[in-house]
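Bear in mind these aren't lab numbers, they're just calculated from the coordinates by the rules spelled out. Bear in mind the structure is a predicted one, so any value in this text is a computation, not a measurement. Cβ: placed from backbone, ideal geometry, glycine included. Neighbour counts: every protein chain shown.
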Amino acid sequence: MSEPRPFLDDLISQCRDVPVLKMVVVCPHRAVAIGGALAAQEENLIVPIFVGQPELIAKTARDAGLDISDIEVVAAENDEDAARIAVELIHEGRGQSLMKGHIHSDTLLAAVVKKEGGLRTDRWLSHCFLMDIPGWEKPVVITDAALNIEPSVKRKISIAQNAVDLMQAFGLAHPKLAILSCVESANPAIQSSMEAAEMVQTIKESGVKDGIIDGPFALDIAVSSLAAEIKGIESPVAGDADILLVPNLDAGNILFKALTFLSGAEAAGLVVGASVPIVLTSRANSEKARVASCAMALLFNENDLMK
């Protein structure tokens with residue numbers, strides 16, 4: 001193992017010459033949401049607009065000793081109203097991205113995916129965690145560990161394309177994506193392995209643009225060239241995956257939290273597939289992770305191949 005490298009810091013550094021992003025922060029009713037937005041603003045990543053209950057936002061900032069005197073605050077009556085107004089601000093050109101504050105993800109995303117007036121595209125929305133793992137040689141993306149519960153093969157292909165596009169926005173021309181299971185060959189008794197094999201065959205016929213994709217792979221094969229050599233697996237993805245596409249939300253959530261809480265990894269996260277990038281954060285995120293998530297949004301908006 002190599003020494004830990006601050007990949008999230010590197011990501012933030014990539015943004016130094018990129019114009020700041022107008023980010024609508026939805027329901028910043030907790031200090032962590034306000035503090036994360038202000039920290040990203042200090043790094044010249046975003047210009048935040050707060051949408052929520054003005055009195056509550058002001059009290060929260062005051063109690064936490066945070067100065068929001070130069071932040072525009074747009075009033076909303078409740079969470080649903082805030083999500084609706086935030087999407088409207090995007091359509092008006094006053095925002096280029098969304099950030100989740102103290103609002104349920106389902107409430108925010110319901111406004112995003114509305115057929116009329118939402119932010120839908122022909123893509124399926126999916127979430128990407130960019131993992132900065134101590135001792136690891138490069139950052140790794142996990143998708144999807146936050147939104148899609150049991151995605152079909154068709155949806156997984158869209159999730160794969162989203163992740164490939166995201167990594168390309170960060171400067172990686174041909175990202176390598178491993179479709180995870182617990183085995184390296186299709187087994188009718190293991191649904192994830194059969195779906196992975198179907199994905200690979202479908203992608204051979206119709207393609208995922210610019211991605212190098214293979215599977216099924218157990219996790220060790222995806223990330224360890226030694227494990228791949230021992231097991232005789234020959235693939236450009238084996239042992240060198242940039243993206244780990246998990247079978248379902250259970251697997252993704254367990255993998256993400258194992259790396260975070262057992263290995264000390266930091267994770268920045270972004271929802272892609274809508275017309276604008278969406279930062280989803282949790283109370284457990286560090287300030288660095290929140291700022292890096294804004295950097296992800298900025299770089300993806302600047303280099304979005306879906307535009």
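Key figures
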{"read-out": "Centroid-to-centroid separation of the range 209-242 and the range 33-93 [C-alpha atoms, Å]", "value": "43"}
{"read-out": "Angle between the chain longest axis and helix 31-42 axis [Cα atoms, degrees, rounded to 10]", "value": "90"}
{"read-out": "Net dipole in debye of the chain [+1 Lys, Arg Cβ; -1 Asp, Glu Cβ; about Cα centre; nearest 20]", "value": "380"}
{"read-out": "Relative exposure of 136, 124, judged by other C-beta atoms within 10 Å (fewest first)", "value": "136, 124"}
{"read-out": "Over the range 157-307, relative contact order from alpha-carbon pairs under 8 Å, at least 6 apart, %", "value": "24"}
{"read-out": "Rounded to 5, percent antiparallel among DSSP beta bridges of the chain", "value": "30"}
{"read-out": "Mean Cα-pair separation over length for the chain, i.e. relative contact order, pairs under 8 Å, 6 or more apart, %", "value": "23"}
{"read-out": "Simple label model, 7 Å out from Cα along Cβ direction - residue 230 to residue 114, nm", "value": "5.4"}
{"read-out": "Eligible lysines near residue 209 by straight Cα distance, threshold 17 Å, same-chain separation 8 or greater", "value": "154, 156, 176, 307"}
{"read-out": "Shape category assigned to the range 131-172 from the gyration tensor of Cα positions, a/c cut at 1.5", "value": "oblate"}
{"read-out": "Ordering of 109-121, 23-35 by burial proxy (mean other Cβ atoms within 10 Å per residue, highest first)", "value": "23-35, 109-121"}
{"read-out": "Helix axis angle, 79-91 relative to the chain longest principal axis, alpha carbon, degrees", "value": "80"}
{"read-out": "Mean projected area (nm²) of the alpha-carbon convex hull when the chain is viewed from all directions", "value": "15.8"}
{"read-out": "Extension gain (nm, one decimal) between residue 137 and residue 10, 0.36 nm per residue minus Cα-Cα", "value": "44.4 nm"}
{"read-out": "Helical mean residue ellipticity (222 nm; -39500 (n - 2.57) per DSSP H run of 4+; nearest 500) of the chain", "value": "-12500 deg cm²/dmol"}
{"read-out": "Ratio of the Cα radius of gyration of the range 122-273 to 2.2 N^0.38 Å, where N counts its residues", "value": "0.94"}
{"read-out": "Shape parameters for the range 12-107, alpha-carbon atoms, Rg then Dmax in Å", "value": "12.8, 38"}
{"read-out": "Positive minus negative residues near residue 251 (Lys, Arg vs Asp, Glu; Cβ under 13 Å)", "value": "-2"}
